[in-house]
2 protein chains.
Amino acid sequence: MSDYGITSREKDFSQWYLDIVQRAELGDHSPVRGCMVIRPNGYAIWEKMQAALDGMIKATGHRNAYFPLFIPESFLKKEAEHVEGFAPECAVVTHGGGRLLEEPLMIRPTSETIIYHMYAKWIQSYRDLPVLINQWANVVRWEMRTRLFLRTTEFLWQEGHTAHATPEEGEEETRRMLDVYRRFAEEYMALPVLMGKKTAAEKFAGALRTYSIEAMMQDGKALQAGTSHNLGQNFSRPFEVRFQDESQQWQYCWQTSWGVSTRLIGALIMAHSDDQGLVLPPRLAPIEVVVVPIWSSDEQQQAVRAYLEEVRGQLDGRVSYHIDDRDQFKPGWKFAEWELKGIPLRLEVGPRDVAKRGAVLVRRDTREKQMLSLEDVGTAVREALDHMQRDLFDRALAFRREHTYMADVYDDFQTTISEKPGFTWAHWCGGADCETRVAQETKATIRTVPFEPEDGLETQDAPPPEQGRCIVCGQPSLRRVLWGKAY
Amino acid sequence: MSDYGITSREKDFSQWYLDIVQRAELGDHSPVRGCMVIRPNGYAIWEKMQAALDGMIKATGHRNAYFPLFIPESFLKKEAEHVEGFAPECAVVTHGGGRLLEEPLMIRPTSETIIYHMYAKWIQSYRDLPVLINQWANVVRWEMRTRLFLRTTEFLWQEGHTAHATPEEGEEETRRMLDVYRRFAEEYMALPVLMGKKTAAEKFAGALRTYSIEAMMQDGKALQAGTSHNLGQNFSRPFEVRFQDESQQWQYCWQTSWGVSTRLIGALIMAHSDDQGLVLPPRLAPIEVVVVPIWSSDEQQQAVRAYLEEVRGQLDGRVSYHIDDRDQFKPGWKFAEWELKGIPLRLEVGPRDVAKRGAVLVRRDTREKQMLSLEDVGTAVREALDHMQRDLFDRALAFRREHTYMADVYDDFQTTISEKPGFTWAHWCGGADCETRVAQETKATIRTVPFEPEDGLETQDAPPPEQGRCIVCGQPSLRRVLWGKAY
């Protein structure tokens, strides 16, 4: 336990994570099994994420809408793989308005079925395509083991749902949105991610294929941070999402769905934070700068307060800031409090700074101190935020590279996976049996199968194609895939 | 049925409303009983509303958070009036993850109980107060008769929940948020509202008292557009939301809650629209101006398209606009389509406009045409939007005043209520029996009991206090109250 009331990462990474969530007041357990409360500090981060991602989703031509929370049981059953994957996780409403319902209603675990029922009604002609809709909503999946933000029975997310006239357009959309997620993760979350394909065992129940972005946390574990599914005609056929093409022939639509959730807040915490508390990338920090005035006499207080007005003049309109002028707490206590809460920059303003017409700037991540003169405050703060954003990304990328290994034989693979937290590139034959055996024996799963050059998307840092043999069965393989233990 | 495929208001107001919702693609019925789909055109209005109101809620010191969808049945039962009011309307989850739950979970019809359980955990000291939290969420109330946007089983809303150290602060907060709702309705929705108090029969189940804003629709019926509840200690006692005051004594908090919902979209439609379709106040219009280019030859098209770039220069950064340059539709068809969808202004640009270096501006509400020269387009459009916003408000206010009556005896009251759609000011003794009898005999309810000067809030257009007699029982009364039929 540090002075900050936070267990160190080295001692117990899980407890460190929970300590930060609780002490920084990001979230809390609720009295409902597996459901969390997102407290204002956590929700403010989600609002920043939403604003950025929503803008990117709209910039790619999508519009938001809202569909019902409830899904009739019969809908879920229309796609065989889908119901098998999701029915066991559903919460079921059996009574409404004091009466037993004729047909039970499932609370949406994901909304393909209810949304595509509506699409079938709305889409008639090729002129109605593409349909590009996104929804911000809550969903419920009855999870057995839950952890705040990372895996909760109810969570918040966005789910995009599109319908297209051709398979090519569907595939293009699936990849476009995957790349939007990559950009969002990298540019806003300062989180390097690997884009790639999921194996059949890991794909979305009902999808033709699933792509994902995968990030590495500070304990070396993988976190799937977003998925994009090419649904083909798997849903359009049972839900009869059809259109008349230019020659008046009825065709089934080609569909996609894609989503990210509040689990990204968990990823953000585990990627950047330290034993002093939360570290937030500036672009997602609800408050970018905290100003802590320092005084030890009324006279000093008066001088500092007057000077603060000049400091404000430097900050107004340039950054979001908060002045913590509470009198009942000492500066040192405030420093720790705001470090715990992850405010990217601290600006200290004391009597000496007044005298020198300056201020002291401290970065949350490096704790680097910088003496500023008043007229530079605005510019320096802006620059420090940009540097910190970039540095967090670079550090996370370096960390991932340092913790990524290669293994050619199963013995080595097992040792690497068990002793060296991180990712391992290893050959795989493509068979489900080998994949299952590795999962059972090492708890590692295939996080991603790299894209090929012709896919138009790149799996960053993936080794080039080469002749090799599956680490399990020895069958020939042309591609290493990425293995790791995952959240 | 007009040329626009919309039933006229005069012929069938209800059908007119539904026609607009469907034809303007604002919402749709879903396959789940009583649940609606909010289509992109409708959701875009909700996003504009959210952005404006969220800003006002934050400007008054509140922060957003998110609490669970599920409420344990036992929680709802802790406040007697509350459970009586809401339990019959609840949807109940009995199974989760394939198993029967030990305790059924109610889907939140409103979140007082689950939120105050958390407040009890978070609040310890007077230093923790006030707690000022808002939540944007979906709620479910099992309604018997539903109507798109106005009354649906699931709806979206915001619910504010606060905790204070004194009853005075609680009352002040209750009124502050009521006034925020009034400002939002007037300034953004162009909707004049009457603020006032609810009678015991109409108050929120569990509140000490409820205030509301009431609006008049074009059929003379009232629509309750927002409510603010002073909860006193009614919830803090059963949920033990307590704090230690400065002298270390444990005290129960004083609480408030307040909300508005997607029913406001219904109010917006019924207040301003006409037989040609939706009319939107400019401040809530996702697109403010539609530009319709006109040509009848390739040569003209080329000239008009080139000129459009100059028109863009006038609009960029000043207004949100859309250029409808689809070639398969005639201008007249486009005019009707955008009128139906409620875009506030239309800018027509044809070969004659190119020649004169001008454009024709048409207002959606008045259909007033204005010839503009190119260099005035930006300014004129901005001005027209401002005028339209004000005019819509003024027209709605004039309509309400024209449709508000006085009645002194019950016979007159009954005639007025049945023959003259609108509101009626009449004396009431304050007794529940008289209120019930009127409701049974005329279907009119007390929409609002006016504020008194000492309340610090004013019920607009309320007649001053005067000696009178209850229209039902003849007992003395000092105040007329407002009666009307309501949605």
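Descriptive notes on the structure:
- Set of aspartates and glutamates with alpha-carbon distance to A:Lys78 below 18 Å, sequence-local pairs under 8 removed: A:Glu89, A:Glu103, A:Glu112, A:Glu240
- Plainly put, the tip 7 Å out from Cα toward Cβ on B:Gln300 is 7.9 nm from that tip on each other copy, the closest given first.
- Loop trypsin sites (Lys or Arg not before Pro), segment B:271-353 (other Cβ atoms within 10 Å of the site Cβ: 13 or fewer; DSSP): B:Arg326
- Inter-centroid distance (Cα atoms) of segment B:113-159 relative to segment A:239-279, Å: 28 Å
- B:His387-A:Ala486 pseudo-label distance in nm [points 7 Å out on the Cα-to-Cβ vector]: 6.1 nm
- Phi angles across segment B:386-402 convert, under the Karplus curve 6.51 cos²θ - 1.76 cosθ + 1.60 with θ = phi - 60°, into 3J(HN,Hα) values of 5, 5, 5, 4, 5, 4, 4, 4, 4, 5, 5, 5, 4, 4, 4, 5, 5 Hz, Gly and Pro given as x.
- Helix-only mean residue ellipticity at 222 nm for chain A, each DSSP H run of n ≥ 4 adding -39500 (n - 2.57), per residue, nearest 500: -11000 deg cm²/dmol
- Listed residue pairs exceeding 30 Å between alpha carbons, taken from A:Lys48/A:Lys334; A:Lys334/B:Lys121; B:Lys198/B:Lys341; A:Lys11/A:Lys443; A:Lys198/A:Lys420: B:Lys198/B:Lys341
- For A:Glu103, inter-copy separations between label points set 7 Å beyond Cα along the Cβ vector come to 3.2 nm, shortest first.
- Backbone phi angles across segment A:210-216, fed through the Karplus curve with coefficients 6.51, -1.76 and 1.60 (θ = phi - 60°), yield HN-Hα couplings of 10, 10, 8, 10, 10, 10, 9 Hz in residue order; Gly and Pro are listed as x.
- Take each residue in B:59-68, count the other chain C-beta atoms within 10 Å of its C-beta, and the mean is 6.
- Estimated from the Cβ-Cβ distance and a Förster radius of 25 angstrom, the FRET efficiency linking A:Asp327 and A:Ser8 is about 0.15.
- Each Lys or Arg adds one and each Asp or Glu takes one away; over the other residues whose Cβ falls under 10 Å from the Cβ of A:Lys334, this sums to -2.
- In terms of surrounding Cβ atoms within a 10 Å radius of their Cβ, B:Thr60, B:Thr174 rank from fewest to most as B:Thr60, B:Thr174.
- In a DSSP loop and with at most 11 other Cβ atoms within 10 Å, the trypsin sites (Lys or Arg not before Pro) in segment B:73-162 are B:Arg145.
- Centroid-to-centroid separation of segment B:424-472 and segment A:286-333 [C-alpha atoms, Å]: 52 Å
- Among the GluC sites (Glu not before Pro) within segment A:2-52, those in coil by DSSP and having at most 11 neighbouring Cβ atoms inside 10 Å are A:Glu10.
- Summing Cβ point charges (Lys, Arg +1; Asp, Glu -1) relative to the Cα centre of segment A:13-272 gives a dipole of roughly 400 debye.
- Surrounding net charge for B:Met270, when Lys and Arg each add one and Asp and Glu each subtract one, Cβ distance under 12 Å: +2
- Plainly put, the tip 7 Å out from Cα toward Cβ on A:His322 is 4.0 nm from that tip on each other copy, the closest given first.
- Reachable lysines, given that their alpha-carbon falls under 17 Å from the alpha-carbon of B:Lys356 and they are not under 8 places away in the same chain: B:Lys369
- Summed residue charge, Cβ within 11 Å of B:Glu240's Cβ, Lys/Arg positive, Asp/Glu negative: +4
- Scanning residues 5 or more positions from B:Val241 or on other chains, those with amide H under 5 Å from its amide H are B:Cys253, with H placed 1.01 Å from N in the peptide plane.
No lab work stands behind these numbers, since they all come straight from the coordinates. Remember, it's a predicted structure, so these values are computed and weren't measured experimentally. Heads up, the Cβs are rebuilt from the backbone with ideal geometry, glycines too, and the neighbour counts pull from every protein chain shown.
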